[in-house]
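Notes to accompany the following structure.
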Amino acid sequence: MKTVMTILGARPQFIKAAAVSRALAGVSGLTERIVHTGQHYDENMSDVFFDEMDIPRPTHHLGVGGSSHGAMTGEQLRRIEAILMEERPDWVLVYGDTNSTLAGALAAAKLHIPVAHVEAGLRSFNRRMPEEINRILTDHLSALLFAPSPGAQRQLEREGIAGHHVHVCGDVMADVALHYRKLARRPAWFDTLDVDTSEFMLCTLHRAENTDCPERLHSIFLGLSASGRPIVLPLHPRTRKSMAQQRVRPAPNVRVVDPVGYLEMVWLEMNCLAVVTDSGGVQKEAYFHGKPCVTLREETEWTELVEAGANTLVGADPARIARSLIHPPAMRASAGLYGDGRASQLIARQLELA
Ligand code: UD1
Ligand code: UDP
């Protein structure tokens, strides 16, 4: 029996684990243990996903979140190292590009415990993003790399990472989207917003380059407000803080609500007119649910979506944002860019064989 120790800590990682942990549990030769770093800790940023998506409870909870990059990554590294030295798993599994991803990969690699990286090979080519640094380092530390698309595999090849340890398996978020769409739940508060179903735009916003730059944050809200469109915005705690500090007050067409659980998020994605976001995961979910996406960034790691006509990059320019919401782009892409919903099973199988 091989032990896989999964290290996670942020909202998108819980959601990815919902599919992968289920697949790991279906393989008789594997047992999983989960370390939650505590990077995300509010009930609606963490527990809600474990509860409603049946994710196995973490075996360790480190409670390390809410600090600067160095303090958070360093403390997570120290604490994960101690657990790995004690438990000596056969594999460490990490997702994506957060500080928890890097801390897990670095701790394991230094102890010669092989690292498996889900969502390998993605690049924004913008080194000012903390995620870009995390993902480059994690890919180069990993012994098994799961690329969501052929484009991601080609990028790994360009960086000298090629061979039997790189697998194009599709995107585990496609697996999640397919599995949970039948469980989508209309939020109880939706009717109180006085917004017509199918006429609203769904917005999320949390990327550091948008929230931490006052000009960009003001410009984005200027664009959202100027569109006049009903916009439902489940607000990330980081953005709530920045808006308060920078005295950003959106117009009444922007309906700010608390972060929602995944089942409600899927309902909002399935019922909106279009999605406007700077999230990585939400860009793809718009595509999975057949909605056009307007992305509040200058570049994206998910370039296939832009090439296929499913995603339009508008940056933080208020006029472009308002225009793209008043006349949302048509959704032209065909299905299947990120696999057929079996990425998690492929990952579990490779971990068993490796
Ligand atoms: C992190 C990831 C980002 C990912 C995002 C998903 C890094 C560098 N960034 O960004 O890649 O897209 O998660 O949502 O790892 N906070 C709370 N409650 C919480 C969580 C956060 O109040 O439950 C607040 C704290 O003030 C915290 C701030 O949000 O300092 C930022 O949280 P942090 O985890 O550092 O970064 P995110 O912006 O969430
Ligand atoms: N999400 C959610 N509730 C929300 C906002 C987002 O469940 O209020 C989900 C969303 O559906 C997607 C994931 O969180 O599955 C994306 O996470 P996030 O945008 O925080 O991070 P990113 O993908 O940008 O790293």
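The values are calculated or read from the model by the stated rules, or taken from the named source; none is laboratory data. Keep in mind it's a predicted model, so treat the numbers as computed, not measured. When we count neighbours, we look across all protein chains shown, and the Cβ atoms used for this are built from the backbone with ideal geometry, even at glycine. Surface accessibility is based on the protein's heavy atoms, side chains included, excluding ligands, DNA and RNA. Shrake-Rupley method; radii C 1.70, N 1.55, O 1.52, S 1.80 Å.
Of the solvent-accessible surface of the chain, computed with a 1.4 Å probe over protein heavy atoms with every protein chain present, carbon and sulfur atoms account for 51 percent. About its Cα centre, the range 14-152 has a charge dipole of approximately 480 debye under the convention of +1 per Lys or Arg Cβ and -1 per Asp or Glu Cβ, with nothing else charged. With all protein chains kept in place, the per residue accessible area of the chain amounts to 41 square angstrom at a probe of 1.4 angstrom. Among the trypsin sites (Lys or Arg not before Pro) found in the range 298-344, those both in a DSSP coil and sparsely packed, with 10 or fewer other Cβ atoms within 10 Å of their Cβ, are ARG332. Spin-label pair ILE326-CYS213: with each label point 7 Å from Cα along the Cα-Cβ axis, the two points sit 2.5 nm from one another. Per residue of the chain, the DSSP helices (runs of n ≥ 4 H) give a summed -39500 (n - 2.57) that works out to -13000 deg cm²/dmol at 222 nm. Beyond 30 Å in Cα-Cα separation lie the following of the pairs LYS110/LYS241; LYS2/LYS110; LYS241/LYS284; LYS2/LYS291: LYS110/LYS241; LYS2/LYS291. Computed from the C-beta positions of ALA25 and ALA244, the FRET efficiency with R₀ = 35 Å rounds to 0.25. Counting only residues at least eight positions apart within a chain, or on another chain, the aspartates and glutamates with an alpha carbon under 20 Å from that of LYS182 are ASP51, GLU52, ASP54, ASP171, GLU264, GLU269, GLU285, ASP340. A simple spin-label model places the labels of ARG128 and GLU307 2.6 nm from each other, with each point 7 Å out along Cα-to-Cβ.
In this simple spin-label model, placing a label point 7 Å from the Cα along the Cα-to-Cβ direction at both GLN350 and MET85 gives a separation of 3.1 nm. At an R0 of 30 angstrom, the distance between the Cβ atoms of ASP340 and ARG185 translates into a FRET efficiency of 0.75.
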